[in-house]
Amino acid sequence: MKRILATSALALSIAAAPLAAFDLSSMSDEERAAFRAEVRAYLLDNPQVIMEAVAVLEERQAAAQAAGDVALVSSHADQIFNDGFSWVGGNPEGDITLVEFVDYRCGYCRKAHDEVAELVKSDGNIKLIVKEFPILGEASVASSRFAIAMKQLHGAEAYKQAHDALITMRKDPSDATLSKLATSLGFDGDAVIARMESEEVNAELAATQQLARALQISGTPTFVMKDELLRGYLPLENMRALVADKRG
């Protein structure tokens, strides 16, 4: 109910905005009262105007957001697409680059994981870049530290294995759990755990956090495709449609 009232009040102000051309201050009290009564009566008789006004406002806000995002992506393109440390998968020479900011404890990141993998695999011409962006607490940070440590110590394929395991892990990981995971993948668990708190891992996390702030990213998953920021989960078919649109 509060949202409806707030929306209605906002729509009323929008609907009445063109009337600002009239000098209401020059009206008498009786004229102002009559004018307001007419506006109120019109809106009560035509309540759809309220939602129409809100829809117009939302469209304008979305357009302004999109334009702002294009500028943000353009001004930070090198850090987004060529930071030199984020994991790269798919087709490295693909004509479309899809960047994902991910948090392993994020339910929508988990939901998007298989769909992004299917998109990249079925398309065959998409370059995928994954950026570690843990924002949901200590378990998120530990998971990202582990994934980065695996990449730094053992390379891209080891990172991919860790990434796939972490995104499906339901319980918050402990050092023992992560060490066991590294061992199960054929690596020295103690060495990976030791690497997690290194300056090298800190530097990657800090760089991505700084980039996310610059791009005004506050949630996961967030995607970047060419010049567009896609904030939140998108179903597979929507992603495919966007890829087709970007290819023109």
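FYI, it's all coordinate maths here, none of it is from the lab. Only a predicted model underlies this, so the values are computations on that prediction, with no experimental measurement involved. Cβ sites come from the backbone with ideal geometry, for glycine too, and all protein chains shown count toward neighbours.
For the chain, what mean projected area does the convex hull of the alpha carbons give, in nm²?
Result: 18.4 nm².
Sort Phe101, Phe187 so the one with the fewest other Cβ atoms within 10 Å of its own Cβ comes first.
The fewest-first ordering by Cβ neighbours comes to Phe187, Phe101.
Kindly flag which residue pairs out of Lys121/Lys151; Lys127/Lys151; Lys111/Lys131 have an alpha-carbon separation exceeding 24 Å in this structure.
The answer is none of them.
Roughly speaking, what is the stretch gain from Gln216 to Ala156, that is 0.36 nm per residue apart minus the C-alpha to C-alpha distance, in nm to one decimal?
18.8 nm
Please report Thr208, Thr168 as a ranked list, fewest other C-beta atoms within 10 angstrom at the top and most at the bottom.
By the 10 Å Cβ count, ascending: Thr168, Thr208.
Counting each DSSP H run of 4 or more residues in the chain as -39500 (n - 2.57), what helix-only mean residue ellipticity at 222 nm follows after dividing by all residues, to the nearest 500 deg cm²/dmol?
Estimated from H runs of four or more residues: -20500 deg cm²/dmol.
For a paramagnetic label modelled at 7 Å from the Cα of Phe81 toward its Cβ, which residues of the stretch 206-246 fall within the zone defined by backbone nitrogen distances under 18 Å?
211-212, 215, 223-230, 242-246
Quick one: grab the alpha carbon gyration tensor of the stretch 139-200, order the square roots of its eigenvalues as a ≥ b ≥ c, and give me rounded if a/c is under 1.5, else prolate or oblate depending on whether a/b is larger than b/c.
It comes out rounded by the Cα gyration axes.
Per 0.36 nm of contour for each residue apart, how much would the distance between Ala62 and Ser198 grow if the chain were fully extended, relative to their Cα-Cα spacing?
Roughly 44.9 nm would be gained on extension.
At a temperature of 37 °C and a viscosity of 0.692 mPa s, determine how fast the stretch 91-192 diffuses translationally according to Stokes-Einstein, using the Kirkwood radius over alpha-carbon pairs as Rh; express D in µm²/s, rounded to the nearest whole number.
This corresponds to a translational diffusion coefficient of 233 µm²/s.
Which one, Thr168, Val120, Gly155, is farthest towards the positive end of the dipole of the chain when Lys and Arg carry +1 and Asp and Glu -1 on their Cβ?
The residue sitting farthest along the positive end of the dipole is Thr168.
When DSSP beta bridges are limited to those with both residues in the chain, what percentage is antiparallel, rounded to the nearest 5?
Expressed as a percentage, antiparallel bridges in the chain total about 65.
So if I place +1 on the C-beta of Lys and Arg and -1 on the C-beta of Asp and Glu, and nothing else carries charge, what would the dipole magnitude of the stretch 80-197 be about its Cα centre? I want it in debye, nearest 20.
240
Give me Met225, Met27, Met169, Met239 sorted ascending by neighbouring Cβ count inside 10 Å, so fewest comes first.
Fewest to most other Cβ atoms nearby, the residues stand as Met27, Met169, Met225, Met239.
Could you give the length gained on full extension between Gln48 and Val70, defined as 0.36 nm per residue of separation minus the Cα-Cα distance, in nm?
Contour length minus Cα-Cα distance gives 4.6 nm.
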